[in-house]
Amino acid sequence: MAIPYNKLRVRIDLDAIRHNYRLLNARSGNAFAVIKADAYGHGLIPVARALAEEGARTFVVGTVGEGVQLRESGCRGRIISLLGPLDPEDYEALLPHRIIPFVGNWEQLTRLQDAVEASSAATPEQPLEISLKFDTGMARLGFHLPDVPRLLSVLAREPRIRPVMASSHLATADEPGNWAFVQEQAEIFQAVLDALRQGGVDVEGNIANTAGILAHSALHHQGQRAGIGLYGCNPFAGTEQEALGHDLRPAMEVSAPVVEVHPLAAGQSVSYGCTWHAPRDSVVAIVAAGYADAYSRSQSNHGGVCLHGRRVPVVGRVCMQLTAVDVTELADAGKSVQVGDRAYLLGGRAPGRVTPEELAGWWGTITYEVFCLLGLNPKEYR
Ligand SMILES: *Cc1c(COP(=O)(O)O)cnc(C)c1O
């Protein structure tokens, strides 16, 4: 699955992920570990193992297939699939691998009924457990509050399917200016939980993501789905609520080797399109990383990397597998950059360390996307 043809190295600090889990779980009580999309690029199996050792019991993946992979790795915890069953093989995999799917529409529910009928594995004593997914404002997936009576009657007739959870997802929990919408979603979700429980269906509620854990303790219910915080990003970075997540520690560091260092006379340009000209006699280092390694081309003439603990700017266009950085100031300070030195695209030593938030800013995106993309490169674990 990793990009196989490059020189980038992604180092994952599992201790940081464990630290972040302890912190989020202590704040909320029953944090589920969201490890969808290869644990946001940090590696599904190694992250799940580290968190299981740390006491995590519930793991949240995206596709049912990811859940199967996790179960086959020896995971004994509860595994939840956010996307739920989509293809025939997904429906077949749920029971043997004991995966709890999010179920958010009638079609899925009907096909699950067919699946338990076709299999002898589900019985009223050992039912297929599901999480009922509700749309309370995100408007992507899920049943709605008025669906509850019909859900109750369908489920009452099918003892081999047991709803053990009700779930919903918040659209604006990380936006302090938009907490009225969180409140609206919270009220609808509470009404859903009340209606289910009055109908005799005793579900664990979960709606909080990382931002919900940190900022909205009234929304913790019986479980919380912790994602980005596990990987060390503060969802409130840059907002007036920044202090809520200040003690989270980033876990991903990405470096690539310097493959060439050479002088550039004042006025000379570097890379495609001649978009950068040396303002004075300069020294550039060429780093073996580019957009084929998911290092965004939007960083052309933008942002920088960390070399020897210093920040050095990216100059000229980012190429497919090479990027130029201006190391003149390092050279002026008497630090010679050598072929083989590692340039940190993410992380590195202070004061030049590149934070996930900075990188996301340079790319015009969010830290989630930075991790998912850079995490496609080969990884090593610490
Ligand atoms: C990804 C995801 C989460 C985790 O959200 P974070 O903001 O990363 O904490 C929780 N719930 C659902 C449904 C998700 O898709």
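Miscellaneous remarks
- Count of the stretch 21-49 residues, restricted to those that are within 16 Å of the chain's Cα centre (by Cα), buried (at least 21 other Cβ atoms within 10 Å of the Cβ) and of a type in the set (Gly, Ala, Ser), is 6.
- Any hit, the stretch 212-225, residues being more than 16 Å from the ligand (Cβ to nearest atom), closer than 25 Å to residue 176 by Cβ, modelled with pLDDT of 95 or more and part of a helix (DSSP H, G or I): yes
- Count of the stretch 175-211 residues, restricted to those that are surrounded by fewer than 18 Cβ atoms within 10 Å (Cβ to Cβ) and in a loop (DSSP other than H, G, I, E, B), is 4.
- Candidates 207, 188 - the one that is of a type in the set (A, V, I, L, M, F, W, C) and either more than 9 Å from the ligand (Cβ to nearest atom) or more than 24 Å from the chain's Cα centre (by Cα) (or both): 188
- For the stretch 329-382, a residue qualifies if it is under 30 Å from residue 265 (Cα atoms) and surrounded by 20 or more Cβ atoms within 10 Å (Cβ to Cβ), and the qualifying residues are 330, 337, 343, 344, 345, 346, 348, 354, 359.
- Flag if residue 284 is hydrophobic (A, V, I, L, M, F, W, C) and either open to solvent by 20 Å² or more (accessible area, probe 1.4 Å) or over 23 Å from the mean Cα position of the chain (by Cα) (or both): yes
- Of all residues in the stretch 237-256, those that are open to solvent by 10 Å² or more (accessible area, probe 1.4 Å) have Cβ atoms under 6 Å from Cβ atoms of residues that are among the small types (Gly, Ala, Ser) and not in a strand (DSSP E or B), 6 or more apart or on another chain, in 244/215; 248/229; 248/232; 249/16; 249/232; 250/232.
- Identity of the residue in the stretch 161-174, within 12 Å of the ligand (Cβ to nearest atom) and open to solvent by 10 Å² or more (accessible area, probe 1.4 Å), that ends up nearest to residue 246 (Cα to Cα): 174
- Test: residue 99 is crowded, with 21+ Cβ neighbours inside 10 Å, within 16 Å of the ligand (Cβ to nearest atom), under 18 Å from the mean Cα position of the chain (by Cα) and not acidic (Asp, Glu): no
- Matching residues, the stretch 140-155, being in contact with a Gly (Cβ under 8 Å, 6 or more places away or on another chain) and surrounded by fewer than 20 Cβ atoms within 10 Å (Cβ to Cβ): 141, 149, 152
The values are calculated or read from the model by the stated rules, or taken from the named source; none is laboratory data. Small disclaimer: the values here were computed from a predicted structure and weren't measured. Backbone-built Cβ (ideal geometry, glycine too); neighbour counts: all protein chains shown. Just the protein is used for accessible areas: all its heavy atoms, side chains included, with ligands, DNA and RNA removed. Shrake-Rupley method; radii C 1.70, N 1.55, O 1.52, S 1.80 Å.
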